[in-house]
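Here is the structure we will look at.
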Amino acid sequence: MFLAKYKLKFLIVFVASFLGTFCYAQQENQKNKRGLKDFYLRYFPIGVAVSPKNLVSDEAPLIKQNFNSLTAENAMKMTSLQPKEGVFNWAAADSIVDFAVKNKLKVRGHTLCWHDQTPDWLFIGPNGDRVSKELLLQRLKTYIQTVMKRYKGKVYAWDVVNEAVDDNPNHYLRRSKWYEIAGEDYIAKAFEYAHEADPTAQLFYNDYNGERPDKMANIFRLLKSLKDKGIVVHGIGLQSHWSIFEPNQTDLEAAIEKYSSIGLKIHITELDISIYPWEPSVRAKRPDEMETLTAELEQKQSDQYDMIFGVFRKYKNVIGNVTFWNVSDRYTWLDYFPVAGRKNYPLLFDAHLQPKKVYWRIVNFKKDK
Ligand code: GLA
């Protein structure tokens, strides 16, 4: 009798501990399957900029595991979509949108009106001279409407105008061809055409260094003036091509508060943290330039990511999307810009697609109640 009782107890303990181990393993398994997007489910979608190639390579599983929003790195720019008047190349952009629809990911459209990666024909009139303002705006309207209608219901937010504010704070707006031909009007017009084409889409003005106090003041001036004119603009895209040197928390929070004070949503649209200081123009690599991600640089990068994600979480009520610019350190546009051939390591996954230490720091945060 005593022995039977003892055996039963033993059996219970054995089964309980087996179940415990089993559940723990299951949980661990689940945890391993979780990606960035799952840790941030209650905060904001986490996106990534991709090329169609990323989506058919060994990066595809990583993308599906970690991200729930996509941006086309280049496939939705005007040089890609409409290289010649009336000739639209949809294949690359369609493949990204199809992947997103199939895998239930959001899509941010990028970008409808920009001074760069825009074909020359757009600015040339029928006689070979510079195009008139009327024709330029007509072309912009046709372009925006054609593209947005094609992706209506699939692209939930668009960067309507990209980088219209000058880096020189005394200049206000960039002296681009858009500006030279159409003056300041082209910006409001682009938003009007976009809202007409898809009234359900969220419309963004997108720019870099929008958290630097000088440039922020001019971006704010532009957005405030659009809103005062009754133009529909839902938010500001902070590109966030940052580095281990900037931004600091004070500037970043001040910018978020300033933009959101006039009801703008904030999307972090092109996030990466370079290990080099920001440089505006292309230059050759110096022979002495070090290109290793040393333990010290990695630590600084990790501290910077930790700080900015802390800020993003703090402002989750106004931040609607956080998108990384490229998938992993295997390839980043920063390997070529501003210094061609200088390796950079700005992302959360290493060149072997493994999460870097900083990844774990970003996902292991104390959750809000
Ligand atoms: C800007 C553009 C992006 C991309 C990056 C560099 O930030 O908005 O589309 O071209 O430059 O890759």
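Couple of notes before you dig in:
- Any hit, region 294-304, residues being in a loop (DSSP other than H, G, I, E, B), over 17 Å from the mean Cα position of the chain (by Cα) and at pLDDT 95 or above: yes
- Note on region 155-185: residues that are part of a loop (DSSP other than H, G, I, E, B) and either within 16 Å of the ligand (Cβ to nearest atom) or β-branched (Val, Ile, Thr) (or both) total 7.
- Of everything in region 97-150 that is within 30 Å of Asn321 (Cα to Cα), of a type in the set (Val, Ile, Thr) and open to solvent by 10 Å² or more (accessible area, probe 1.4 Å), the residue that is nearest to the ligand (Cβ to nearest atom) is Thr118.
- In the set (1) more than 20 Å from the chain's Cα centre (by Cα); (2) within 16 Å of the ligand (Cβ to nearest atom); (3) among the hydrophobic types (A, V, I, L, M, F, W, C), Phe365 fails one condition alone, (2).
- Taken together, the criteria place Asn321 among residues that are under 28 Å from Pro61 (Cβ atoms) and either at pLDDT 95 or above or open to solvent by less than 20 Å² (accessible area, probe 1.4 Å) (or both).
- Among the residues here, Ala92 does not qualify as among the small types (Gly, Ala, Ser), within 18 Å of Thr269 (Cβ to Cβ) and either in contact (Cβ under 8 Å) with a residue 40 or more places away in the chain or buried (at least 18 other Cβ atoms within 10 Å of the Cβ) (or both).
- Contacts under 6 angstrom Cβ, first residue in region 260-276 being under 30 Å from Glu296 (Cα atoms) and of a type in the set (A, V, I, L, M, F, W, C), partner within 16 Å of the ligand (Cβ to nearest atom) and in a strand (DSSP E or B), 6 or more apart: Ile268/Leu238; Ile268/Val322; Leu271/Phe324; Ile273/Trp242
- Residue tally, condition among the small types (Gly, Ala, Ser), more than 15 Å from the ligand (Cβ to nearest atom) and in contact with a helix residue (DSSP H, G or I) (Cβ under 6 Å, 6 or more places away or on another chain), over region 76-96: 1
The values are calculated or read from the model by the stated rules, or taken from the named source; none is laboratory data. This one's a predicted model, so the numbers in the text were calculated from it and none came from an experiment. Methodologically, a virtual Cβ is constructed for each residue, glycine included, from the backbone with ideal geometry; neighbour enumeration extends over all protein chains shown. Keep in mind that these areas ignore ligands, DNA and RNA; they rest on the heavy atoms of the full protein, side chains included. Shrake-Rupley method; radii C 1.70, N 1.55, O 1.52, S 1.80 Å.
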